[in-house]
Every structure is written in structure tokens, then in C-alpha cells.
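In what follows, a structure is listed as C-alpha cells, so that the remarks can point back to it.
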Amino acid sequence: MFDRWWGAGRRQTRIRLFEECVALLLGVPAAGERLGLQPFTSLVVEADGAIEQVDALKSAYEGAAATGLDVFRHSFDDALAHPGVAARQAGLAALAGTCRACALVAVCGGGHYAHRYRAPDGFRNPSVYCADLAHLVRHVSARLRTAAGPRPSGKADR
Ligand code: SF4
């Protein structure tokens, strides 16, 4: 899919996962939550005023998005201090040891937060899509290197 998207000649559709991967490989911070180590700063205010983490977390387990906070009694600064929200501001420190030691971590970032959940040890795991993410990041990196052309003589590849 990436090759079809990358080789289209003009942008026919947006695929944010691919856009974020290219940006991160080029050293540009990506705005999404699928890849990278940047803090994630979105919350949801439900119709009843409850402050929750983003809906995607609901796929991890029942109640995963709940914070117990609401806009009538709590500020958004209170929500930032909630352990579940704070964990998503901690970057590398919040990741599993396998991810912290991974050569791809600056781009992959452990993958989408919801995809790291595994009972009973919570979100400090590599993504359930670890192998796929590693394949994607390496493949996109290779395509970028090809697009950039040969390095000037005397400069070694890193
Ligand atoms: S999820 Fe897999 S590829 Fe991504 S940082 Fe962790 S170990 Fe590396």
C-alpha cells in the first residue's frame, strides 16, 4: 500500500500513518498518536461533562478511557495530572524496555497507545503490531533513501 501511495505521482488520498512515518523519518514531529514520542494532548468531553481519554482507548478494556473527572468539578490541568493522561506525556520513559532499546523507537514510538495494552501488565508493552510497524518503518526509510539518491562520496551511510 505504501508503494502505491508513494509512487502515485500526485497525492490522490491522505494516509496519515504514512504521512506521519515519512515526517518522523525526516525529523519532523508528527501530530498524530500512531507513531513517534511526542506528548499526546487530546481529551474528550462527553455530553454529560465527563472528561475522558480518547475513544480509541475503549478498545483496550472496559472503562479504559474513563478518568473519573468532569468539567463541573475539575480543570483540564487536573486531567493532565491523571495517571493515564500523564503516561502519554512521558515519551520514551513510558515505554516497555523492548521499545526503549529498539533502534526504531524515535519513529515507531511503540505504536498507538491502545495497541500496547495487554492484561495484566497494562500499556507498558510493545504494540501488538510491533512486527508490522518495524516492517513499515524500515520499508519507508528504504524508499526515502532511494528517493534521496546516492550520498556524496566520502559520506558513509549511518
Ligand atoms: S513496537 Fe516494536 S518496532 Fe515499535 S518501538 Fe516497540 S519494539 Fe520497536
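The values are calculated or read from the model by the stated rules, or taken from the named source; none is laboratory data. As the structure is a prediction and not an experimental result, all values here were calculated from the model. Quick reminder, even Gly has a Cβ in these numbers, built from the backbone with ideal geometry, and neighbours come from all protein chains shown.
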task = Please work out if VAL128 is of a type in the set (Val, Ile, Thr) and surrounded by fewer than 19 Cβ atoms within 10 Å (Cβ to Cβ).
result = yes
ask   = Checking ALA114 against (1) part of a helix (DSSP H, G or I); (2) loosely packed, with under 14 Cβ neighbours inside 10 Å; (3) outside the structural domain of VAL54 (by TED's automatic domain parsing); (4) at pLDDT below 95, which test does it fail?
value = (2)
task = Pairs only if they're at least six apart or on different chains, beta carbon under 6 angstrom, first in the range 88-108 and of a type in the set (S, T, N, Q), second within 10 Å of the ligand (Cβ to nearest atom); list them, first residue then second.
result = THR98/PRO126
message = It is to be established whether one or more residues within the range 50-73 are under 16 Å from ALA134 (Cα atoms), among the hydroxyl-bearing types (Ser, Thr, Tyr) and either over 17 Å from the mean Cα position of the chain (by Cα) or surrounded by 12 or more Cβ atoms within 10 Å (Cβ to Cβ) (or both).
response = no
note = Filtering the range 70-95 for residues that are part of a helix (DSSP H, G or I) and within 16 Å of the ligand (Cβ to nearest atom) leaves a count of 6
task = Go through the range 126-136 residue by residue and tally those that are more than 7 Å from the ligand (Cβ to nearest atom) and out of contact with any His (no Cβ under 9 Å at 6 or more places or on another chain).
result = 4
query = Do we have any residue at all in the range 141-158 that's within 16 Å of the ligand (Cβ to nearest atom), part of a helix (DSSP H, G or I) and within 30 Å of ALA8 (Cα to Cα)?
reply = yes
Only one of THR67, THR98, THR41 that is part of a strand (DSSP E or B), out of contact with any Leu (no Cβ under 7 Å at 6 or more places or on another chain) and at negative phi = THR67
